[in-house]
Amino acid sequence: MGFRILGTGSALPERSVTNDDLSEFLDTSDEWIFPRTGIRSRGICTTETLDELAVTACRRALEAAGVSAGELDLIICSTTSGDHLIPAEACAVAELIGASCPAFDLSAACAGFVFALDVADGYLARGRGERVLVVAAEKMSRLVDWSDRATCVLFGDGAAAAVLGPDGENPLALRLTTEPSVDILHVPGVAGSSPYDATERPASVLAMEGRRVFKFGVNAICDSVQALCEQAGVAVDDIDHFVFHQANERILSSAVQRLGIDNAKVARALEETGNISSACIPLALDRLARAGELKGGQLVVLVGFGAGLDTGACLLRWDRPGD
Ligand code: ACO
């Protein structure tokens, strides 16, 4: 007994900011950014709220699944950059789409979508409900320091969602890991104004050790793919689609090379989205689904990795009704 994905949807902000646009106020260039990252542009929220982006992605996923908001039994939102600290972003989504089920957020940085799939799987397996909406929504533009060219050029905003139902066979394999380390990649919490707080509060902007993240990312992908294949008893060559976290093209190409897999099987969206944290994987999945590239019975590997250092990986058999 497991879940099946009934439908997917995604949404990007209207405004696409190119590398050339960034070079108008930062000492950077397309010649520096593109060869090192594979990113040409990223969607950045201007007038849209993250609530609105998330809702658009959710409505598209619900429509693709043929499920109404009233039929949902649970909403999980993966985010680290929501419009609200309280309540959960998922509660705002529930209100705006007209759902009345429990709703909560899950924070596992860029690995959040796969962590949320595992939580949803448990909910369905325990018979708590039959329809779960998992949405990943990220407004990274509010977390980065826009004067730091080493980080702000890497990220973008976006949202993507999947509707899950029961009676599938997924996940065929799943692996969540944490190598605890805060400093490699983190955003300090808001300082607040407590008159009792005597701690030092750094600015609440994203900081990372890029090269260490790079190595961690390549290892996370390669170790996860091997572990999932062993768990499920399938060969790496049998996998039809690899949907990895879209942090950096050079991380993807290093992993492709080390695993010896067919480059054409690796989903890519980051050239025009940048790194949208936990929304990367469901957005790339949605694009594959809408392009008709996911055929019934095909094997799909998802690997998300990021701050934590968390890694979430799962092997799915694509069993959306009608594909
Ligand atoms: N434009 C121009 N120059 C830049 C830029 C930029 N946007 N960013 C950094 N530089 C400069 C630096 O100032 C530095 O100059 P200096 O030598 O004069 O001091 C030089 O380039 C090298 O800087 P590094 O930070 O050491 O650059 P590096 O070669 O490590 O490349 C990069 C940075 C591309 C981010 C790399 O570390 C990387 O690929 N990291 C992978 C991690 C990643 O992509 N993280 C993103 C999100 S994390 C996640 O999702 C899990």
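The values are calculated or read from the model by the stated rules, or taken from the named source; none is laboratory data. Source: prediction; values computed, not measured. Note: ideal-geometry Cβ built from the backbone for every residue, glycine included; neighbour counts use all protein chains shown. Protein only, heavy atoms only, side chains kept; ligands, DNA and RNA dropped before computing areas. Shrake-Rupley method; radii C 1.70, N 1.55, O 1.52, S 1.80 Å.
Tabulated data for the structure shown
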item	result
Sole exception among (1) at pLDDT below 95; (2) within 16 Å of the ligand (Cβ to nearest atom); (3) hydroxyl-bearing (Ser, Thr, Tyr) for residue 199, by number	(2)
Failed condition for residue 297, given (1) part of a loop (DSSP other than H, G, I, E, B); (2) away from the ligand (no atom under 14 Å from the Cβ); (3) within 17 Å of residue 113 (Cα to Cα)	(3)
Segments classed as strands (runs of 3 or more DSSP E), wholly inside segment 71-190, with at least 2 members that are of a type in the set (Asp, Glu)	157-168
Filter pass, residue 6 being more than 16 Å from the ligand (Cβ to nearest atom) and either in the same structural domain as residue 310 (by TED's automatic domain parsing) or not in a strand (DSSP E or B) (or both)	no
Residues being aromatic (Phe, Trp, Tyr) and touching a Phe, Trp or Tyr at 6+ places or on another chain (Cβ under 9 Å) - total across segment 149-196	0
Qualifying positions in segment 250-264 - open to solvent by 50 Å² or more (accessible area, probe 1.4 Å), under 17 Å from residue 299 (Cα atoms) and in a helix (DSSP H, G or I)	263, 264
Number of the exception - residue 235 against (1) under 16 Å from residue 172 (Cβ atoms); (2) in contact with a strand residue (DSSP E or B) (Cβ under 9 Å, 6 or more places away or on another chain)	(2)
Hey, residue 65 surrounded by 23 or more Cβ atoms within 10 Å (Cβ to Cβ) and either at pLDDT below 95 or not β-branched (Val, Ile, Thr) (or both) or not	yes
Boolean, residue 248 is touching a residue at least 60 places away in the same chain (Cβ under 8 Å), near the ligand (Cβ under 9 Å from one of its atoms) and polar (S, T, N, Q)	yes
Residue check, residue 25 over 22 Å from residue 123 (Cβ atoms), aromatic (Phe, Trp, Tyr), assigned to a helix (DSSP H, G or I) and open to solvent by 20 Å² or more (accessible area, probe 1.4 Å)	no
Residue within segment 267-284 that is within 17 Å of residue 228 (Cβ to Cβ), away from the ligand (no atom under 16 Å from the Cβ) and either out of contact with any Cys (no Cβ under 7 Å at 6 or more places or on another chain) or in a helix (DSSP H, G or I) (or both) present	no
Segment 160-216, subset among the hydroxyl-bearing types (Ser, Thr, Tyr) and under 22 Å from residue 82 (Cα atoms), residue surrounded by the fewest Cβ atoms within 10 Å (Cβ to Cβ)	193
Pairs where the first residue, in segment 295-316, is within 14 Å of residue 109 (Cβ to Cβ) and the second is of a type outside the set (S, T, N, Q) and more than 16 Å from the ligand (Cβ to nearest atom), C-beta under 7 Å, 6+ apart	303/225
Residue list for segment 232-247, restricted to those being in a loop (DSSP other than H, G, I, E, B) and over 19 Å from residue 282 (Cβ atoms)	233, 234, 235
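Residue-by-condition table, conditions (1) within 16 Å of the ligand (Cβ to nearest atom); (2) assigned by TED's automatic domain parsing to the domain that holds residue 158; (3) touching a residue at least 60 places away in the same chain (Cβ under 8 Å):
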site: 16; (1), (2), (3): no, yes, yes
site: 27; (1), (2), (3): yes, yes, yes
site: 54; (1), (2), (3): no, yes, yes
site: 57; (1), (2), (3): no, yes, yes
site: 62; (1), (2), (3): no, yes, yes
site: 79; (1), (2), (3): yes, yes, yes
site: 82; (1), (2), (3): no, yes, no
site: 94; (1), (2), (3): no, yes, no
site: 108; (1), (2), (3): yes, yes, yes
